[in-house]
Amino acid sequence: MKRNFTLGRQHPFAGAGYRAQSIRGVVDGLTNVTEPVTNRSQSSQFESPTNWKVGHGFVTAAGLRFTKGNLLISPEFRYTRWIRPAIGYFGSRGATFGSSRNQVDFMFGIGWKKR
């Protein structure tokens, strides 16, 4: 949902809502193991398809729409709080990585009015 306000030629707005995302891909990795006694090193490369679930989050947004003649300019900030991290990988040898549950986006819209 979005709520618009009017202050002369500037039009601030605020919004809130639900957001879903789906991320697909492949994890590529390289492992390097060194034997302590012989000091021999062995490397291996691996590739693993991801199986991350659809993410759900709550979004809040705020921005300002300017008009200059027929030109519309609309910068906007969005904050999303995800219910759980979108990406999480836990390797067999302790290697892990993941994403944050907080996301901030800046968007800049340019448009024009119809006459």
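Observations, loosely collected:
- Any hit, segment 46-61, residues being in contact with a Lys or Arg (Cβ under 7 Å, 6 or more places away or on another chain) and outside any strand (DSSP E or B): yes
- Exactly one residue out of PRO49, PRO12 is touching a residue at least 12 places away in the same chain (Cβ under 8 Å) and within 24 Å of GLY111 (Cα to Cα): that is PRO12.
- Summed over segment 77-89, the residues that are under 13 Å from ARG19 (Cα atoms) and either hydroxyl-bearing (Ser, Thr, Tyr) or modelled with pLDDT of 90 or more (or both) give a count of 6.
- Restricting SER74, SER48, SER100 to those that are of a type in the set (S, T, N, Q) and in contact with a Leu (Cβ under 9 Å, 6 or more places away or on another chain) reduces the list to SER74.
- Considering residues of segment 1-39 that are outside any strand (DSSP E or B) and either among the hydrophobic types (A, V, I, L, M, F, W, C) or under 27 Å from the mean Cα position of the chain (by Cα) (or both) only, the residue nearest to GLY63 (Cα to Cα): PHE5
- Per-region count, segment 27-37, residues surrounded by 10 or more Cβ atoms within 10 Å (Cβ to Cβ), more than 29 Å from TRP82 (Cβ to Cβ) and not polar (S, T, N, Q): 1
- Residue in segment 28-49 that is among the β-branched types (Val, Ile, Thr) and within 17 Å of SER99 (Cβ to Cβ) present: no
- The listed residue being surrounded by 13 or more Cβ atoms within 10 Å (Cβ to Cβ) and at pLDDT below 95, out of SER48, SER92, SER74: SER74
- Being at pLDDT 80 or above, over 30 Å from TRP112 (Cβ atoms) and exposed (fewer than 13 other Cβ atoms within 10 Å of the Cβ) holds for only one residue in ARG40, ARG24, and it is ARG40.
- Top-ranked residue in segment 51-62 [being modelled with pLDDT of 80 or more and not hydroxyl-bearing (Ser, Thr, Tyr); ranked as surrounded by the fewest Cβ atoms within 10 Å (Cβ to Cβ)]: VAL54
- So THR67, is it in contact with a Ser or Thr (Cβ under 8 Å, 6 or more places away or on another chain), assigned to a strand (DSSP E or B) and among the β-branched types (Val, Ile, Thr): no
The values are calculated or read from the model by the stated rules, or taken from the named source; none is laboratory data. The model shown is predicted, which means the values in this text are computed figures rather than measured ones. Cβ sites come from the backbone with ideal geometry, for glycine too, and all protein chains shown count toward neighbours.
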